[in-house]
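Below is one structure, written out as structure tokens; comments come after it.
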């Protein structure tokens, strides 16, 4: 099965900073990659699908890129409401594995 | 507006079967898409349990496959999850979600504790 990894596992940044999270698949998954945001006590929220397509209603400061095995989620200007854990997920074929998550907080 | 609502016992005895239901409103599940179950143990990450397509085709996490059954009831517009022989390691928040591709709509989740 394809394994998903994320780096870093956690980060702390200042408001307004550019933040980048990396997700790597152990095999080629084309662009079948989603990013989710999970705030404490809430279920995940879809941010990006097809590696780079912004889900409706998601702020434009979020962007995704990549294809094949290497993907990134970028927050162009970190806001206080972006404090959350971010997960990537492959969905090219079952199993639809999630990455281990990246916890983002404010410095 | 499409909404998903999980329901079921909050406490299950070890070695017994966990049974949950996800009721969908605002959309007929027989019309398309696939539906998934995801769980999250307290303080840990997300684990995909399995998915079922509107046609009835199922896909399961290999690590749980021997214990999991997901089914669909189009007459009641709901999806069900059964997990047999549960242990404390199955204690988690269980959520259902809709997937046109990625999971775009989630239920609020239901906490299930395995304990005697």
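Nothing in this text is a laboratory measurement; each read-out follows from the coordinates by a stated rule. The structure presented is a predicted model; accordingly, all values stated were derived computationally and were not measured. No Cβ is skipped: glycine too gets one built from the backbone with ideal geometry, and neighbour counts run over all protein chains shown.
The table that follows gives values for the structure above.
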quantity: Checklist (1) within 14 Å of chain B (Cβ to nearest Cβ); (2) under 23 Å from residue B:98 (Cα atoms) applied to residue A:63, failing item; calculated: (1)
quantity: Complete set of residues in the range B:60-116 that are surrounded by fewer than 19 Cβ atoms within 10 Å (Cβ to Cβ), over 17 Å from residue B:20 (Cβ atoms) and without any contact (Cβ under 8 Å) to a residue 24 or more places away in the chain; calculated: B:62, B:63, B:65, B:66, B:75, B:101, B:104
quantity: Filtered residue count, the range A:94-105, keeping only those that are in contact (Cβ under 8 Å) with a residue 40 or more places away in the chain and either facing chain B (nearest Cβ under 10 Å) or surrounded by fewer than 14 Cβ atoms within 10 Å (Cβ to Cβ) (or both); calculated: 6
quantity: Subset of the range B:65-86 (residues that are touching a strand residue (DSSP E or B) at 6+ places or on another chain (Cβ under 6 Å) and away from chain A (no Cβ under 14 Å)); calculated: B:67, B:69, B:71, B:72, B:77, B:78, B:79, B:80, B:81, B:82, B:83, B:86
